[in-house]
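The structure appears below as structure tokens.
No lab work stands behind these numbers, since they all come straight from the coordinates. Keep in mind that what you see is a predicted model, and the values were worked out from it rather than measured. We place every Cβ from the backbone using ideal geometry, glycine too, and count neighbours over all the protein chains shown.
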Amino acid sequence: MELRIQGVSKTYANGVQALKRVSLTIPPGMYGLLGPNGAGKSTLMRMLATLQDPDEGSITLGDIDVVAQKDDVRRTLGYLPQEFGVYPKVTAESLLNHFAVLEGVTGGRARREVVEALLRKTNLWDVRKQKLGGFSGGMKQRFGVAVALLGDPRLMIVDEPTAGLDPAERVRFLNLLSELGESSVVLLSTHIVEDVSELCTRMAIIDKGQILLEAEPTAAVEGLGGRIWRRVIDRAELPALEREHPVISTKLLAGQTLVHVYAEASPGHAFEPTRPDLEDVYFATMAGHIGRRAGKTAPAESAP
């Protein structure tokens, strides 16, 4: 079952154009939607979750029209928004049991089996009697996944799932998401490059409501080979360097500044070639040095 998004646009009443003719074909598995805050990711997620309608364009999940057949979509949808509330004085087991009833699992034995299976799957069985108010951020996120999985969804939408999680919780959560992608379409919306590089077989980069690049992460990284150069400088040298070269990223390294530059050939003897990663793909795309081409990166001027 593929998710197809064709020519989708959305403009809010205040004049902000959140999406500009977005088109994507998303196959089963983990798919990353990568972009900065305000890029349009959450607007697109809300449309897919049937919470908002596009101004124009179409969205289909298999043979289901997402805009016209909202009830059909909701029966096969799991949605974990960036922020969601829980009842702090209720235990995980009790609240999940309640949601199971709302989902239509009314038989006592069947409901107990479903609740237990989901709590075990999300590694929350041992804390099932604990009140949700005492859960860590990562535990709450995993509980949100348990709720989202109640209907055995064929489409799972996860919006900024690892923001604010500590490293250990992030690893647990990403491992859980990778398991889900084996049997359904899982759309991961994030601004964290590492989440996409570790999980997704395909991805799109979005900014200001437009898709800038759609590719396989590994192919995108390989396509950037030979075009990323690095140099360690003093911070005071950065403004002059930015005037001379297309700097795509900087980071602090042992009190100095590590600079990555995009260039087809060596930008100078002080630079050394470096093996690119998905972060370089992201920053080079955002800077306009590479453009959209399915399956590989390409110079922006040759992109369709």
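For the reader, a short list of remarks on this structure follows.
- Near Gly138: Cβ cut-off under 10 Å, other residues only, Lys/Arg at +1 and Asp/Glu at -1. The net charge is +2.
- Compared with the dominant principal axis of the Cα atoms in the chain, helix 92-102 is inclined by about 70°.
- Within straight-line cross-link reach of Lys20, lysines at Cα separation under 17 Å, skipping those fewer than 8 residues along the same chain: Lys10, Lys41, Lys208
- Kirkwood Rh in Å, taken over all unlike Cα pairs in the chain: 21.0 Å
- Relative counts (whole %) of C-alpha pair distances in region 9-87, using bins that are 5 Å wide: 3, 12, 24, 25, 21, 10, 4, 1
- GNM result for the chain, Cα springs below 10 Å: residue of Leu34, Leu180, Leu213 fluctuating most strongly: Leu180
- Dipole axis of region 3-215 (+1 Lys, Arg; -1 Asp, Glu on Cβ), positive-most option in Ala110, Met203, Thr11: Ala110
- Partner lysines for Lys89 [C-alpha distance under 26 Å; skip if fewer than 8 residues away on the same chain]: Lys121, Lys129, Lys131, Lys140
- Value in Å of the Kirkwood radius, where region 221-302 supplies the Cα pairs that are averaged: 13.0 Å
- Peptides 112-123, 251-262, 42-53 ordered by packing proxy, namely the average of other Cβ atoms within 10 Å per residue, highest first: 42-53, 112-123, 251-262.
- Computed from Cα atoms, the angle from the helix 167-180 axis to the main principal axis of the chain rounds to 70 degrees.
- Prolate/oblate/rounded call for region 44-179, Cα gyration tensor, a/c under 1.5 rounded: oblate
- Cα-only radius of gyration and Dmax that characterise region 134-179, units Å: 10.5, 31
- Between helix 137-148 and the chain there is an angle of about 60 degrees, using the helix long axis and the longest principal axis of the Cα atoms.
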